[in-house]
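What follows is a single structure, written as structure tokens, with notes after it.
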Amino acid sequence: MVFSLSRWLKITLINLFIVACLGVTLRYKILYSLPFIDQKHLLHGHSHFAFAGWITQAIMALLVSYLIKQQGNNIYKKYKWLLYANLFTAYGMLIAFPIEGYGLFSIIFSTASIFVSYFFAFFYWRDLNKLARGSAAHAWFKAAVLFNAVSSVGAFALTIMMVARVIHQTWYLAAEYFYLHFQYNGWFFFACMGLFTAFISRYTDSEKVLTSVFRFFVLAIVPAYFLSALWMDIPVWVYILVILAALSQVIGWLQLVHLTRKNRALLNPHFSTVSKYILVCSAVALSVKLLLQLGSTIPSLSNLAFSFRPIVIGYLHLVLLGVITLFLLGSMFSEDYFYSNKRSVTGVIIFAGAVMLNEILLMVQGVAAITYTSIPFINEMLLGAALLLFTGALLMSLTKINNLQK
């Protein structure tokens, strides 16, 4: 069977549309009655499907496409079943979580998705090692699949606590943030950086700098976990490592920004206007994220931020939508996977604008929560932003994708 990237990207865009549908439902239920829907259960389904059905499915498809370009289509045979298996578990969680929350079937499907990630990590790492020439992109990819597997420690800890019904608040939060950290800042971020690094390497001679950028981020990944756990009683030496990790990420990012600006003349012809717009939005979101992390090394600010749910939700959406989702969409446009017609361009512009609007509203809500100030019609405005995300995702899911056999 020939690998069809266009087919898999079409599926992931439909999944993004489903995620947007769930987001609208969640926002609607905050304002109006939907007695047949359990808000907490639907939220679990929304987040798990966003992780597995949209981001992980898109990343896996793009990583497999990269490998096929290097080794040929024969390698697709083993990854075909992993792509289908991940899709199956994602839809299983989409159905099971809204119905039963953390129950038998939702745990079965979420556990199965973890084992799919293990197999994918094993095969992908091994196949990268078979390539004649290594690169900085390969280092990012290897780290990404490794951190995806590592994140499962937090997921299993959460599942054990849920099943045993023995939940200690500190350990529950520690496990939850462990899973989220190695998903968001590990698997998602490192895979996207690998894709971007591979793209830059095609048109510039910058392997040395790209390797340096990777080292700054990979050295920071483990201590950076404690940026989400400064409310715990951690030793002084760990706190020092946390500060160094936050600084290391900023330095690595500044190196990459400088590299892209320096090679702007070489890279510009390979970006369409719309892809530049989306990727700049993603870069701005990443810059804000890294600066927020640096600011959170001040314990009083960290404790304040994690004490208010709207700020936590705003931060998670900043990474999931602002950094990762916009990067993936920008990458698809820059690689000409989309047909750049009126519908696709309109859809992605609406979606990107809605991401920024949603983030601004969440941050305003978070800051207002700190001062216990009520913002009139904030939930109505957030519902409006969710509807715009829905509209953008709908237009993109209806867009034709170039029939690429890569």
| request: At least 2 residues that are among the charged types (D, E, K, R) in each: list the helices (runs of 4 or more DSSP H) lying fully within the range 131-245 that qualify. | output: 207-224
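Yes/no matrix, rows are residues, columns are (1) without any contact (Cβ under 8 Å) to a residue 12 or more places away in the chain; (2) under 30 Å from Lys130 (Cβ atoms):
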position	(1), (2)
Leu13	no, no
Val24	no, no
Ala50	no, no
Trp54	no, yes
Asn74	yes, yes
| Quick one: is Val222 under 20 Å from the mean Cα position of the chain (by Cα), surrounded by fewer than 19 Cβ atoms within 10 Å (Cβ to Cβ), aliphatic (A, V, I, L, M) and within 26 Å of Glu335 (Cα to Cα)? | no
| field | Filtered residues of the range 25-42 (kept if among the aliphatic types (A, V, I, L, M) and surrounded by 18 or more Cβ atoms within 10 Å (Cβ to Cβ)) | value | Leu26, Leu42
| remark: Here the residues within the range 120-136 that are of a type in the set (S, T, N, Q) and in contact with a Lys or Arg (Cβ under 6 Å, 6 or more places away or on another chain) are none
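Filter the range 99-130 down to the residues that are among the small types (Gly, Ala, Ser) and assigned to a helix (DSSP H, G or I) and list them by number.
Of the range 99-130, the ones among the small types (Gly, Ala, Ser) are 101, 103, 106, 110, 112-113, 117, 121.
Within the range 99-130, Ser106, Ser110, Ala112, Ser113, Ser117, Ala121 qualify.
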| Criterion (within 29 Å of Leu195 (Cβ to Cβ), buried (at least 16 other Cβ atoms within 10 Å of the Cβ) and in contact with a Ser or Thr (Cβ under 7 Å, 6 or more places away or on another chain)) met by exactly one of Ala20, Ala52 | Ala52
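Please specify each residue of the range 246-295 satisfying the condition of being in a helix (DSSP H, G or I) and of a type in the set (S, T, N, Q). Write out each step before concluding.
Residues of the range 246-295 in a helix (DSSP H, G or I): 246-262, 264-270, 273-295.
Once the filter is applied, which keeps residues that are in a helix (DSSP H, G or I) and of a type in the set (S, T, N, Q), the range 246-295 yields Ser248, Gln249, Gln255, Thr260, Asn268, Thr273, Ser275, Ser282, Ser287, Gln293.
For the range 199-209, check the following and say yes or no: at least one residue is closer than 25 Å to Ala50 by Cβ and surrounded by fewer than 21 Cβ atoms within 10 Å (Cβ to Cβ).
Checked against the condition, which is being closer than 25 Å to Ala50 by Cβ and surrounded by fewer than 21 Cβ atoms within 10 Å (Cβ to Cβ), the range 199-209 yields at least one hit.
Select from the range 343-375 the residues that are among the small types (Gly, Ala, Ser) and surrounded by 16 or more Cβ atoms within 10 Å (Cβ to Cβ) and write down the one among them that is farthest from Arg309 (Cα to Cα).
Taking the range 343-375 first, the residues among the small types (Gly, Ala, Ser) are 344, 347, 352-354, 366, 368-369, 374.
Among the residues that remain, those that are also surrounded by 16 or more Cβ atoms within 10 Å (Cβ to Cβ) are: 344, 347, 352-354, 366, 369.
Details: Ser344: 34, Gly347: 30, Ala352: 24, Gly353: 24, Ala354: 21, Gly366: 8, Ala369: 9 Å.
Restricting to residues being among the small types (Gly, Ala, Ser) and surrounded by 16 or more Cβ atoms within 10 Å (Cβ to Cβ), the top hit is Ser344.
Has the range 64-85 got at least one residue that is under 17 Å from the mean Cα position of the chain (by Cα) and at pLDDT 90 or above? So that I can check it myself, show each step before the final result.
Filtering the range 64-85 for residues under 17 Å from the mean Cα position of the chain (by Cα) gives none.
Checking the range 64-85: not a single residue is under 17 Å from the mean Cα position of the chain (by Cα) and at pLDDT 90 or above.
The values are calculated or read from the model by the stated rules, or taken from the named source; none is laboratory data. Being a predicted model, the structure only gives us computed values, none of them experimental. Don't worry about glycine lacking a Cβ; one is built from the backbone with ideal geometry, like all the others, and counts go over all protein chains shown.
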